[in-house]
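Trainee: Dropping a structure here in structure tokens format, bear with me for questions.
Computed from the coordinates by the stated procedures, all read-outs in this text should not be read as laboratory data. Quick caveat, the model's predicted, so the values are computed rather than measured. All Cβ positions, glycine included, derive from the backbone under ideal geometry; neighbour counts span all protein chains shown.
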Amino acid sequence: MGTSAMMRRPSARHVINIFLTLIITITSIVTGAPNVAPSSKWATRVARAATTTITVTTTRDELNGDTSSFEDLIDDPGGEGISLREALTAANAEPPGPLLRIHFAIPDSDPGYNASVLIWRIRPDYSALPTLVRGNVVIDGATQPGANLVSYPVIVLDGTNVYEGASGLNGLTIASAGNVVRRLALVSFWDASIVIEGSSAHSNVIAGCFIGIVTDNIEGIPNYYGVDVRSGAYNNLLGGDTQEDRNIIGGNDYAGIRIDGSATISNTIAGNWIGVDASGTRAASNVYYGVVVSGGAHRNAIGRPGNGNVISGNAHGIMIWGARENSIVGNVIGLAPDRSTPIGNREGGVFLVDGASKNIVGGETVAERNIVSGNGYGIFIGQYYETTPSIARLNHILGNYIGVDSTGILPRGNTREGIVLDQYAEAAVIGGDSSRAGNVIAYNGGNGVLVTGSANRIAHNLIGVGADGMTPLGNQRHGALIVGDGNIIGPSNTFAANQLSGLLLEGDNTFIHENAIHHNTRSGVCVKGDGSTIISNTVRFNQAIAAPWDGFDARRDDCSLVSGIVLTGTSQTLIRGNTISENAAPGVTISGGARNRVSSNSITANSGGGILLINGANQGIEPPTIQAVDQTEVRGVACRGCRVEIFADPEDQGREFLGAARAAEENGTFSFTIAGSALASLQITATNIDANGNTSSFAAGVDIPPPPVVYTLHLPLVIQ
């Protein structure tokens, strides 16, 4: 390793102290003053106050200089020069105080220099580098002469030989506050290239580094983790606001970045490219995760408004695994940095799983929007790894583009579902309480949204159309497939242009209200579960095509019938106050089932009729018979005690709901007074609704007779 301490040349400080001692000794002889040597502590304090920067001058891994302080090491570097290990050791020896800087000026003659790519490779020998415990240390690879000639870091820290020591298999380990690591390339560490750990590790910055990648011309040599933030570290920043702060993190064997531990909070990942190379055009996959947040870590931010990350090309983009209250904001997930070219995360873009709760993906502003496109799944919430079920609760997905590029118009679909809420997802919100919170979910290879969990809400989203609300993009199956129970769909979603139905409800007790459901290839809404409520929706222009490419499976996700709204084998469904018009099939088709109530809707201009009952639906209830209509009254016969709803329509459907009458218990007769003026050129129709809610089809329409002719007789005026 170098010469022993006994053979070292005296440092300048030692020479000065000897010189001062001689002067004091001579003075004391002349003056008789006591002979007092200068305080070594005082001299050290003066030296340390004057020296806050040290320069690494060799790639060799030496520890044979005087590492008592920066000043001592500069005076006595030993060996071939000042190594990184010596600089870190000397930094730790300095007392707390001002910022210390570790710079680089390694000559071209150094054996670690590679002239073909202009890099200097530092390869620690066996033991890990010392942990940074002093704090306020800046390690800046950009200070190496020649670093400004290329776009990548020229100082490469290579962990090929590191397998022992206090920091184990890691590269740089930070256990203190206020440190900055800038413009290094870190590769080949068996564990993590950078570790930030412990409750004292806060306010550190990792910026401008290549982690798992050396240069554009040399393939990445993987670490296991790129950066590992753990064990209570907090308020650390990976990345920054400028291009110079951007970390390129790719090619690592497990994860680009891991944040782990229940006390690990408030760390920020911003402005990085994770899973793509420095050109931004190719994947540099982290084998499992771009970013993984685990072990109960909370209040961490992946991206921030206007300063997100590109997280693409990995197996999983972002995995929030059993962690809570984290935010995913402003990122591009699955596309290149141009925000359009697909470089997908193979399994999916965002995962909130295994008890992950109260996490937020997106926001109400453009700056908070994530683009989640070109992946396997777009966003997956629920159970993924753990064998013991753990509910993912109260997660919020809002304001994102899922399946489109940054324009919100061009298709860049995820190959599976846009969003999945599986059976262990509960009380999630997709969208929110205003249009600003809505997601665009379009052109995905499965359903736009698949919900198998319960008590979730979907509101103010555009599902199947672009961000302009008009461009038809569709999802390759249903706009939303709802399998779980007790979910709420609405208000103000648009389900349009989807390849099958706008909505397929297999679960029970779904509440659908105030949505626009139009131009879907099959049906607007298909209901297979019981007890659902469909209120105040607009269901129009659905095309009633049987979609032979569907791969029909009546057990799972298909309605073999087509209509504006289809009920198949379901009971106790309420359809009330909707506008159901101009669908290329009956407005409402009910096949089998009972106690399904169709009330107070506007149903008109649908091919095949307004309400169609087949296969014994609603206990075969018959429509009423309209016996007489005049300008002010409708009379007829219905089922005894039934509610008779009266409509006016150009044909025999129910465009305008006029009101309801109660049929007599003894003979079923009813009468209804028409309020207001005459309804010219319309027919009067009606439906029966019995005490159990069974609703009939429309009665045959009866024309409203024209108003009686009124003649005016003008008599001569007689004056006497």
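Trainee: Would you kindly compute the Cα radius of gyration of the range 460-547 and its largest Cα-Cα separation (Dmax), both in Å?
Mentor: 11.7, 35
Trainee: Hey, another quick one. Relative to the compact-globule scaling 2.2 N^0.38 Å, provide the ratio for the alpha-carbon radius of gyration of the chain.
Mentor: The reported ratio for this selection is 1.39.
Trainee: Right, here's the next one. So for each of 531-537, 373-379 I average, over its residues, the number of other beta carbons within 10 Å; can you give me the resulting order with the highest mean first?
Mentor: 373-379, 531-537
Trainee: Before rounding to the nearest 500, sum -39500 (n - 2.57) across all DSSP H runs of length at least 4 in the chain and divide by the residue total; then give [θ] at 222 nm in deg cm²/dmol.
Mentor: Working: 4 runs with 47 residues, N = 720.
The helix contribution divided over the chain gives -2000 deg cm²/dmol.
Trainee: Rg/Rh for the range 199-287 to two decimals, with Rh computed the Kirkwood way over all alpha-carbon pairs.
Mentor: Taking Rg over the Kirkwood Rh, I get 0.99.
Trainee: Along the range 354-366, what does the Karplus equation 6.51 cos²θ - 1.76 cosθ + 1.60 (θ = phi - 60°) give for ³J(HN,Hα), rounded to whole Hz, x for Gly and Pro?
Mentor: 6, x, 4, 9, 6, 8, 10, 10, x, x, 8, 10, 4
Trainee: Under the rule of at least 5 residues apart or a separate chain, name every residue whose amide H is placed under 5 Å from the amide H of residue 347.
Mentor: Under 5 Å from the amide H of residue 347 lie the amide H atoms of 316, 376, each far enough along the sequence or on another chain.
Trainee: Just for the Cα atoms in the range 351-399, what are the lengths along the principal axes, largest first, rounded to whole Å?
Mentor: 38, 24, 8
Trainee: Under 4 °C and 1.567 mPa s, how fast does the range 481-524 diffuse according to Stokes-Einstein, given a Kirkwood radius computed over C-alpha pairs? Answer in µm²/s, whole number.
Mentor: Diffusion coefficient, whole number: 123 µm²/s.
Trainee: Once amide H atoms are built 1.01 Å from N in the peptide plane, which residues 5 or more positions from residue 137, or in another chain, come under 5 Å H to H?
Mentor: Sorted by chain and number, the residues that satisfy this are 100, 179, 180.
Trainee: How high is the FRET efficiency from residue 622 to residue 576, r the C-beta distance, R0 25 Å, rounded to 0.05?
Mentor: On the way: r = 21 Å, r/R0 = 0.85.
The calculated FRET efficiency here is 0.75.
Trainee: Still on this structure: Seen from all sides and averaged, what is the projected area of the convex hull of the Cα atoms in the range 374-478, in nm²? Each step should come with its number before you reach the end.
Mentor: Numbers: hull surface 24.5 nm².
One quarter of the hull surface, i.e. the mean projection, equals 6.1 nm².
Trainee: Multiply the residue gap between residue 681 and residue 190 by 0.36 nm, knock off their C-alpha separation, and tell me the result in nm, one decimal place.
Mentor: Net length gain for the segment: 168.5 nm.
Trainee: Considering only DSSP beta bridges with both partners in the chain, what is the antiparallel share in %, to the nearest 5?
Mentor: Given both bridge residues lie in the chain, the antiparallel proportion sits at roughly 20 percent.
Trainee: Separate question: Just to check, using Stokes-Einstein with a Kirkwood Rh over alpha carbon pairs, what's the diffusion coefficient of the range 598-669 at 4 °C and 1.567 mPa s in µm²/s?
Mentor: Calculated translational D: 98 µm²/s.
Trainee: Take the alpha carbon atoms of the range 226-268, find their center, do the same for the range 299-365, and report the distance between the two centers in whole angstrom.
Mentor: Value for the Cα centre distance between the two parts: 14 Å.
Trainee: Here's something else I'd like to know. By average Cβ neighbour count within 10 Å, what is the ranking of 350-363, 64-77 from highest down? Mind dumping the intermediate values first?
Mentor: Numbers: 350-363: 25.2, 64-77: 21.6.
The most tightly packed comes first, giving 350-363, 64-77.
Trainee: Whole Å is fine, so just give me how far the alpha carbon centre of the range 429-490 lies from that of the range 652-704.
Mentor: 36 Å
Trainee: P(r) for the range 61-140: what percent of alpha-carbon pairs falls in each 5 Å bin, starting at zero?
Mentor: All Cα pairs, binned at 5 Å, distribute as 3, 15, 24, 25, 19, 10, 4, 1, 0 percent.
Trainee: Within the chain, which whole H helices from DSSP have a Cα span along their axis of at least 27 Å and a mean Kyte-Doolittle hydropathy of 0.5 or more, if any? The partial results should precede the final answer.
Mentor: Details: long enough: 12-31 (28 Å, 1.64).
Membrane-span-like by this rule: 12-31.
Trainee: Ranking request for peptides 317-326, 118-127, 179-188: highest mean number of other beta-carbon atoms within 10 Å first, then the rest in descending order.
Mentor: Values: 317-326: 26.6, 118-127: 18.4, 179-188: 24.6.
Those peptides, ordered most packed to least, come out 317-326, 179-188, 118-127.
Trainee: Looking only at Cα atoms, what is the convex hull volume of the range 202-350 per residue, in Å³?
Mentor: Once divided by residue count, the hull of the range 202-350 is 87 Å³.
Trainee: Based on the alpha-carbon set only, what is the convex hull volume of the range 286-397 divided per residue, in Å³?
Mentor: Normalising the Cα hull of the range 286-397 by residue number yields 83 Å³.
Trainee: Still on this structure: Please report the equivalent ellipsoid semi-axes of the range 568-625, computed as sqrt(5 x eigenvalue) of the Cα gyration tensor, largest first, in whole Å.
Mentor: 18, 13, 11
Trainee: Let me know the shape class of the range 101-147, please: from the alpha-carbon gyration tensor, a ≥ b ≥ c as square roots of the eigenvalues, rounded when a/c is under 1.5, otherwise prolate if a/b is greater than b/c, or oblate.
Mentor: oblate
Trainee: Continuing with the same structure: Given H placed 1.01 Å from N in the peptide plane, which residues other than close sequence neighbours of residue 450 have an amide H under 5 Å from its amide H?
Mentor: For residue 450, whose amide H was placed from the backbone, the distant partners under 5 Å are 419, 420, 421, 481.
Trainee: Find the all-direction average of the projected area of the Cα convex hull for the range 424-577, expressing the result in square nanometres with one decimal place.
Mentor: For the range 424-577, averaging the hull's shadow over all directions gives 7.8 nm².
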